[in-house]
Structure formats: structure tokens, C-alpha cells
1. Find me the longest stretch of the chain that has none of the exposed trypsin sites (Lys or Arg not before Pro), where exposed means in a DSSP loop (not H, G, I, E or B) with at most 15 other Cβ atoms within 10 Å.
2. Taking the mean number of other Cβ atoms within 10 Å as a proxy for protection, how do you rank 100-106, 119-125 from highest to lowest?
3. Within a 10 angstrom radius of the beta carbon, how do 56, 115, 36 rank from fewest other beta carbons to most?
4. Taking the Cβ of residue 107 as the center, what net charge do the other residues with Cβ under 12 Å away carry, scoring Lys and Arg +1 and Asp and Glu -1?
5. Would you list 113, 152, 133 from fewest to most Cβ contacts within 10 Å?
6. If you take the C-alpha gyration tensor of the chain, multiply each eigenvalue by 5 and take the square root, what semi-axes do you get, largest first, in whole Å?
7. At q = 0.13, 0.27 Å⁻¹, what is the base-10 log of I(q)/I(0) for the stretch 100-167 according to the Debye formula with one equal point scatterer per Cα and no solvent? Please give it to two decimals.
Amino acid sequence: MTSAPSIVVLGVGNTLMQDDGVGVWAVRALAETYDFPDRVRIVEAGVAGLRCLPEFEGAEHLLIIDAVTGKESPGAIYRLAPEDLSARRGPFFSAHEIGIAELLSTARFLGKLPFTRILGVQPLEVREVGLDLTPMLRDALPRVVEAAVGELRALGVEPIQRETRDA
């Protein structure tokens, strides 16, 4: 009997720098909204960089959510492959681009890079200190979560939405 492929969802970003923390906010919302089978791990990586390599060691699929600056309006979602960051071609730039690119390159060098997809979210503000997302990205957060759910469904995972409680 073969087991289902393991999947790690990695939320990246600095929650002290407003929209830069969108990846962390997204995985928190994902974990609060849905239940997943044991083969799915949700990880708040923050700005851990290379220290989060062990988090996805042995995984077959990796989904990274991070702020990525492109040419769209704030809240736009980019679906990227590792090459889109490491090649540094095109309009995409991330506050963690070097960290994620290094992380993925190191994993590839070690032969431990799972199939990887990156959901980049266009930020509004990443240079000013602030403990919350800007209103535009807060409004976009449900779409980011749904994009992550869509990626997981494409990998054969059917998340179970939790019941919402009325106040």
C-alpha cells in the first residue's frame, strides 16, 4: 500500500512589516478555516529562511505563500514556479526573494526539493512597520486562502471547512 504524497504549506513573511507578512497571515487563516488530512502540514515559517529547510524535508509537494511585488494591483495573486524567483526574470520581486531563492536552491542542491508552487501576493506596503495587513490585503486574504485551497485540491486534497460560529 502506498501512502498519499505529503504536502507542506509554508507561510513566509515578516508580520512586523504590514503586507510583508501576508504569507503568515494566509496560513493562519487557512489553518483556522479548514481541517486537513494528516499528510498536509501548515507551517508559519515567518522569516526563518534556510532554517525552515527541515520543515519540508521528505515532503513531495511544497506550497509557499509570500508577498511578491509585480505589476498588478495590491491583492493580486501570482502563481509562480521556483525558477520565476531564482532566475530573477520578469516583473516579480519579493522582500524574501533571496531567502526563498536560497532556500529552494539549497534544497535542490541537497536533492530534497519537492515539487514547488509559490503563491505570491501583491503587497501595498512592506517598508513601514505595522503589526497588521493593510485594509486592501486584509480584504484580499480570503482570496489568497481560496487560491491555496485550489492548489491543494489540484494535489488531491479536499480540505474540510470548519463550521463558523455566530457571535
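1. 1-70
2. Averaged packing, sorted descending, gives the order 119-125, 100-106.
3. 115, 36, 56
4. Details: positive: 108, 112; negative: 55, 57, 102.
After counting each charged neighbour, the total is -1.
5. In order of increasing Cβ crowding within 10 Å: 113, 152, 133.
6. With the √(5λ) rule applied to the chain, the semi-axes are 23, 21, 13 Å.
7. Relative scattering, expressed as log10 I(q)/I(0), comes to -0.63, -1.12.
Taken together, the values in this text are just the output of simple stated rules run on the coordinates, not laboratory data. Keep in mind it's a predicted model, so treat the numbers as computed, not measured. In this analysis, Cβ positions are derived from the backbone assuming ideal geometry, glycine residues included, and neighbour counts consider all displayed protein chains.
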